[in-house]
Amino acid sequence: MGQTHMKVIVFLGSVRESTPPRPARLGARVAAAMARLLEGAEVDVEVIDPLDLDLPTVFKPHFAYSAGKAPVAMQRLAEKIEAADCYVMVSPEYNHSMSPALANLLNHFASSSFAFKPSAIVTYSAGQWGGARASVNMRTYLSELGCLPVSAMIYIPHAQDVFEEDGSFGADADVAEWESYFGRTLEQMFWWSKAAKAQRAHGLPTKAFGRDPSQRNAPLK
Ligand SMILES: Cc1cc2nc3c(=O)[nH]c(=O)nc-3n(C[C@H](O)[C@H](O)[C@H](O)COP(=O)(O)O)c2cc1C
């Protein structure tokens, strides 16, 4: 594919340790697989794992700190989000919804950091539906966050059979079929990413962001 200088962040949306349900943290292998595919497309890729971040347990978003005063881990991630061209959001389906761990992580950062860049939704499950129901509410969530998801979404049922722990394909996986399926979504994301980057160079809409969340989407008085 060859996407020179494109920076992609893969967000790993699981922090689950429990077994059962087995295997724990299926998301780690899905994120690793996405990273491997993206590396094959010659983009700069980084996986953000919430377990590696030392974020405060009491919720306080990055933009609520005075400039430069946010915890170091949060500040670093805010800079990476700003610098990225697009995002791959990897989420399990919990009770037909997106992962609360992923939402909690993303909620720390302002929509202005993600906005006017595309995202790709990747959901998975241990069972047969591949997180399809979670993906629907992820569209709403990511649209509000400003990184509009591309139309082709990735669902991975029985992810424990599709991928090994290191993110390589399982012995019985139809590799060509899966790669073609994943490639469709990534190609859309790359297309939008290049288009958005070119357009961002001309500036952003003047009324892109209200200072207060209550101002968002409100009809004008
Ligand atoms: C709290 C919870 C809720 C779940 N809800 C769903 C669900 O709605 N649909 C589904 O297909 N699987 C569901 N599962 C099973 C997950 O697909 C499976 O546990 C998967 O491994 C979760 O990803 P993770 O290991 O990365 O946390 C649920 C699992 C948990 C722990």
State whether one or more residues within the range 78-86 are surrounded by fewer than 16 Cβ atoms within 10 Å (Cβ to Cβ), in contact with a Lys or Arg (Cβ under 9 Å, 6 or more places away or on another chain), modelled with pLDDT of 95 or more and among the small types (Gly, Ala, Ser). yes
Selection count, the range 17-32, where residues are modelled with pLDDT of 95 or more and in contact with a helix residue (DSSP H, G or I) (Cβ under 8 Å, 6 or more places away or on another chain): 3
Selection status of Val30, within 15 Å of the chain's Cα centre (by Cα), within 11 Å of the ligand (Cβ to nearest atom) and hydrophobic (A, V, I, L, M, F, W, C): yes
Going by what's in this entry, would Tyr141 be described as within 15 Å of the ligand (Cβ to nearest atom) and hydroxyl-bearing (Ser, Thr, Tyr)? no
Just checking, does the range 89-100 include any residue being closer than 26 Å to Arg22 by Cα and without any contact (Cβ under 8 Å) to a residue 12 or more places away in the chain? yes
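The values are calculated or read from the model by the stated rules, or taken from the named source; none is laboratory data. Keep in mind that this is a model prediction, so the values were computed, not measured. We place every Cβ from the backbone using ideal geometry, glycine too, and count neighbours over all the protein chains shown.
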